[in-house]
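Here, each number is a calculation from the coordinates, and none is a lab measurement. These figures come from a predicted structure and were not determined experimentally. Because the Cβ atoms are built from the backbone with ideal geometry, glycine has one as well, and the counts that use them run over all protein chains shown.
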Amino acid sequence: MNYHRFDSLIVGAGGAGLMAALESSKRVGTAVVSKLYPTRSHTGAAQGGIAAALANLEADSWENHAYDTIKGGDFLVDQTAAEVLCKEAVDCIYGLEHMGLPFDRTADGRISQRRFGGHTKPNPKYDPAAPAGTDAAKPRVPVMRACHSADRTGHMILQTLYQQCIKQGVTFFDEFHMLDLVMVDGECRGIVAIEIATGQLHTFHAKSVLLATGGFGRMFKVSSNAYALTGDGPAIAYRHGLPLQDMEFFQFHPTGIYRLGILLSEACRGDGGIMFNGKGERFMEKYAPNLKDLASRDVCSRSIYQEVRAGNGIDGKDYVYLDIRAETINKYGTSPTGQKVDSAWVERRLPDIIEFARTYLGVDPIKEPMPIQPTAHYAMGGLPTNLEGQLLRDAAGTVVPGLYSAGESACVSVHGANRLGTNSLVDLVVYGRRAGRAMARYAQEVEFKPLPPNPEAPTKAAIDALLSRPRTEPWVKIRDEMQRTMMDDCGVYRTGESLTRARDTIVELKERYKTLGVQDKGSVFNTGLLEVLELGCLLDLAEATVAGALARTESRGAHSREDFPDRDDARFFKHSLIYSSGENQTSVDYKDVDVIYVEKNGERVPKYPLEIRKY
Amino acid sequence: MSTSDSATRKLTVKIKRYNPEQDDAPHWEQYEIEAHPMDRVLDVLLNVKWYQDETLNLRRSCAHGVCGSDAMRINGVNALACKILVKNLKGDTLTVEPMLGLPVIKDLIVDMKPFFDHYKSVMPYLVNDDPAPTTERLQSPSQRARYDDSTKCILCACCTTSCPPFWGDQKYVGPAAIVNAHRFIFDSRDRAAADRLEILNDTEGVWRCRTVFNCTSACPRDIKITQRIQEVKRALLTGNVDVEADSTETLEAATH
């Protein structure tokens, strides 16, 4: 048996994992296990920016940011967690800058900021009596809050954190793929991972383990997510009886490259870009009269679907246009400063977007609009945690000792029913840092507890079974059916009927999955074997997602039930928890949303009163 | 996957295969595949793997040119498989092999450790022990523009493994490591330029570069690598590190 022992063990080397590693390794022996080389992690694909109320270009406050985050999440956000996020974002951004992150700069040398969907401040000119449609009639207006480095902000964050990990001498196990958690008496004592280069299993004994394995958008047919995003952490925890929270909320980003799903940043619209339908109409005026193209992502994605259903797609097809031409921005007066811009300005602000469109669409966005469709992008749900990143096992908030999560794999919950653009990167650094500190503190307080005999045995049995069975069908057939089902029956719009169909399909696919064998029987770099194991994770998460969506008979944020079109606060102002309760069986529980109360005129009232969300 | 409805095209895909558990030496295998013009070479390879031969092994993740996993030699030239489209391939034969200069582990997968070791050897991180201010360290748009090009590196190794001096001498740090040293040498906030320049002044440092320009043409991020290497050489020769961009570069990078 290959045995390793670290006080603190981090699984995943994206933004959350590396941030936690920097914090933890200052205090205790720490190692990072990652199935990719760290710089391949999908944080590097984040584009437009990371929000923090620095107020470098206009007045702003963390309170504005917190309000936007809670409203953006359609009030399913835990409010203390959101306030922590927005307050600590400011300090974290300065911390990243001090680590060397190359933010773009303002003329006076400070960090440059841009607008993003749903990020607003109170309109200083607001007049409730003003006629509708006038500027003074808008209660809130867009604010420049997203700190950026062109349209490659995530790349800069990932590189900077990895650089600092090298400087600090953090121990990495690159291309080690976690396959199991070692759980004893409800506590986590380590993990089992396969060394991809040799096929050998390794047991990592640890006092605290952080799951920072990222998202699982690969369960959908059209996704912005990397192949690697298969939700290994949440799926493995779910198999160990731990709950998944708010899985029914999966964000579709409105502007994916048609058919491929590659992300075209919301910064396109933050910088003045506009979406048009097949009739040449700026359709967001209908759906979000105030913020228009800068409404939240769920609103924009639904609007595109509505246009396509009404036959208003381009040439009647299932896509619309995103137009970032300088002439369009100038015609509609949508540049961030209101001043005229030229093509060179657009190229400087969005160089990677322009290159993606040229490469993958054969379209030059300086001269033509880009065909786009909503793309599965981000899991608001995941492993329930508290503010220290500790995993919670039930609605009462019972902590799972030794087990933590941060980033997209976690649900703390700062994104609620719909995440605002840029807030994923904020989440990574703020809660990655908090989890890294907390897991190190815990490791300092406790002693190593013994591992059970042969902790790798279940993993070895699962691998041996896959290697010994004959190949019955290509595993990708099961994957393709899962992705199509999730896209069509559990996508932007759902109904009880479509979800029931999805549930039955997933059960059938899980049964077929059990008979799969792999063709490659080797040990060295058996990527086929790993792909099949990853598919198993996605199927489990698809099961939980559909279960959450079936149970929530209301529409909120990214979860749109056509048979229940309204938000139902009386019944569903609460988080869902999905448990695996036997083979192909799930159970659903709920827990209250964390609400902050304040004293007002001697009365205790909610600080963020529920309101109907309009943009 | 395809973004156009145009007809598919028959491709003969020749892949250099090697399985250390079975083979004494690498060999070529050939596959016939129907590909759409808008398919990426990565899509073609994954179609081979998923529908014809699951034993083919390669690295991949983001599939749109930002993670750097799928660097390989495509028709004799280093590139990311996810950034080359079928419509841009000449002829009906696609030849794919692992990058040169790094040990092959299996099929298209090379051992990246020597590459990352070179990268780590040049202090690729900001060094500044001055007390940090309570907000950001200031940096003018012109200072920020000075090193913008070298921040784009994704460590895919296309450059280093296309470099003839590196093929001849794998102790040479290689272009990618120099680009990442450049990233900090010319950053006005950094204080360790002299240390990095000393590292690169070594016999296995920047002077191994023969300005072949292979690195520049191979870079999927369009970094002007040879020019950046020349700037490091110039700094070594003149002892002068200029952290201000010239006016063109500033204009190119300024966002306000």
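In order along the range A:552-560, phi translates into HN-Hα couplings of 8, 8, 7, 10, 8, x, 6, 9, 10 Hz, rounded to whole numbers, per the Karplus curve 6.51 cos²θ - 1.76 cosθ + 1.60 with θ = phi - 60° and x for Gly and Pro.
Take each residue of peptide B:103-110, count the partner chain Cβ atoms within 10 Å of its Cβ, and average: the result is 3. Shown is the FRET efficiency for A:D569 and A:Q519, computed with R0 = 45 Å from the Cβ-Cβ distance and rounded to the nearest 0.05: 0.30. Database remark: amide H of A:R140 closer than 5 angstrom to the amide H of A:N123 (H placed geometrically; neighbours at sequence offset of 5 or more, or on other chains; Pro and chain starts carry no H). Shape class of the range A:55-131 from the alpha-carbon gyration tensor: oblate, with a/c at 1.5 or above and b/c at least as large as a/b. If R0 equals 45 Å, the separation of the Cβ atoms of B:R191 and B:V77 corresponds to a calculated FRET efficiency of about 0.70.
Apply the a/c threshold of 1.5 to the C-alpha gyration tensor of the range B:113-253 and tell me whether it is rounded, prolate or oblate.
Numbers: a/c = 1.78, a/b = 1.49, b/c = 1.20.
The shape class here is prolate.
Please tell me which of these pairs span more than 25 angstrom C-alpha to C-alpha: A:K574/A:K607; A:K167/B:K152; B:K14/B:K87; A:K221/A:K614; A:K521/B:K106; A:K574/A:K614? Please report the intermediate quantities before stating the final value.
On the way: A:K574/A:K607 17 Å; A:K167/B:K152 20 Å; B:K14/B:K87 17 Å; A:K221/A:K614 30 Å; A:K521/B:K106 14 Å; A:K574/A:K614 21 Å.
The pairs that break the limit, which is 25 Å between Cα atoms, are A:K221/A:K614.
Residues whose amide H falls under 5 Å from that of A:D180, counting only those 5 or more places apart or on a different chain, are A:V192, with hydrogens built in the peptide plane.
For the range A:161-179, backbone nitrogen atoms closer than 17 Å to the point 7 Å from A:K460 Cα along Cα-to-C-beta are found at A:179.
Label-to-label distance, A:R441 versus A:D589, with points set 7 angstrom from Cα along the beta-carbon direction: 2.5 nm. In this label model, A:Y3 and A:E481 are separated by 4.4 nm, measuring between points 7 Å along each Cα→Cβ vector. Overall form of the protein assembly as shown: rounded. Here a/c, set by the Cα gyration tensor axes a ≥ b ≥ c, is under 1.5.
Taking the Cα centre of chain B as origin, sum charge times position over the Cβ atoms of Lys and Arg (+1) and Asp and Glu (-1), and report the length of that vector in debye to the nearest 20.
That gives a dipole near 300 debye.
For the range A:537-550, 3J(HN,Hα) computed residue by residue from phi via the Karplus equation (6.51, -1.76, 1.60; θ = phi - 60°) reads 5, 5, 5, 5, 6, 5, 4, 5, 5, 5, 4, x, 6, 5 Hz, glycine and proline entered as x.
Could you sort A:264-273, A:344-353, A:70-79 so that the peptide with the highest average Cβ count within 10 Å comes first and the rest follow in order? List each step's numbers first, then the result.
Working: A:264-273: 28.4, A:344-353: 20.7, A:70-79: 26.3.
Highest-to-lowest ranking by the protection proxy: A:264-273, A:70-79, A:344-353.
Rounded to whole numbers, the Karplus 3J(HN,Hα) couplings from phi for the range A:58-70 are 7, 4, 6, 8, 5, 5, 4, 4, 5, 4, 4, 5, 5 Hz, using 6.51 cos²θ - 1.76 cosθ + 1.60 with θ = phi - 60°, and x at Gly and Pro.
Put simply, the Cα atoms of the range A:255-375 extend 36, 33, 22 Å along their principal axes, the longest span coming first. Candidates A:L54, A:H42, A:I70 compared by Cα position along the dipole of the range A:1-79: farthest toward the positive end lies A:H42, with charges placed on Cβ. For the segment B:62-74, counting C-beta atoms of other chains within 10 Å of every residue's C-beta and taking the mean gives 6.
From the alpha carbon centroid of the range A:470-540 to that of the range A:231-297 is 24 Å. Given a Förster radius of 25 Å and the C-beta distance between A:K449 and A:T171 as r, what FRET efficiency does 1/(1 + (r/R0)^6) yield to the nearest 0.05? The value I calculate is 0.70.
To the nearest 20 Debye, how big is the dipole of the range B:113-253 about its Cα centre, given +1 on the beta carbon of each Lys and Arg and -1 on that of each Asp and Glu?
About 420 debye.
When you count, for each residue, the other Cβ atoms within 10 Å and take the mean per peptide, how do A:441-454, B:166-179, A:124-137, A:416-429 rank with the highest first?
In decreasing order of mean packing, A:441-454, B:166-179, A:124-137, A:416-429 become A:416-429, B:166-179, A:441-454, A:124-137.
With runs of 4+ DSSP H residues as the only contributors, calculate the mean residue ellipticity of the protein assembly as shown at 222 nm using -39,500 (n - 2.57) per run, divided by the residue total and rounded to the nearest 500. Intermediate values should be presented prior to the final figure.
On the way: 26 runs with 276 residues, N = 871.
Value at 222 nm, helices only, nearest 500: -9500 deg cm²/dmol.
Under a point-charge model restricted to the Cβ atoms of Lys and Arg (+1) and Asp and Glu (-1), what is the dipole moment magnitude of chain A relative to its Cα centre, in debye to the nearest 20?
Working: 72 positive and 78 negative charges, 131 e Å.
It works out to roughly 620 debye.
Spin-label model, A:V507/B:D246: points 7 Å from Cα along the beta carbon direction are separated by 7.1 nm.
Taking beta carbons within 10 Å but only from partner chains, what does the mean come to for residues B:47-58?
Partner Cβ neighbours, averaged per residue: 5.
Among A:156-163, A:592-599, sorting by the average number of other beta carbon atoms lying within 10 angstrom of each residue, highest first, gives A:156-163, A:592-599. How far is helix B:225-238 tilted off the main Cα axis of chain B, in degrees rounded to 10, range 0 to 90? Computed tilt is about 30 degrees. Of the residues B:V122, B:A181, B:T216, the one whose Cα sits farthest towards the positive end of the charge dipole of the range B:113-253 is B:T216 (charges of +1 on Lys and Arg Cβ, -1 on Asp and Glu Cβ, taken about the Cα centre). Once you reduce the range A:361-399 and the range A:410-453 to the center of their Cα atoms, the two points are 16 Å from each other. The range B:24-101 and the range A:158-215 have Cα centres spaced 30 Å apart.
Taking amide H as placed 1.01 Å from N in the peptide plane, the amide H of A:R105 sits under 5 Å from that of A:S112, B:T255, each at least 5 places away or on another chain.
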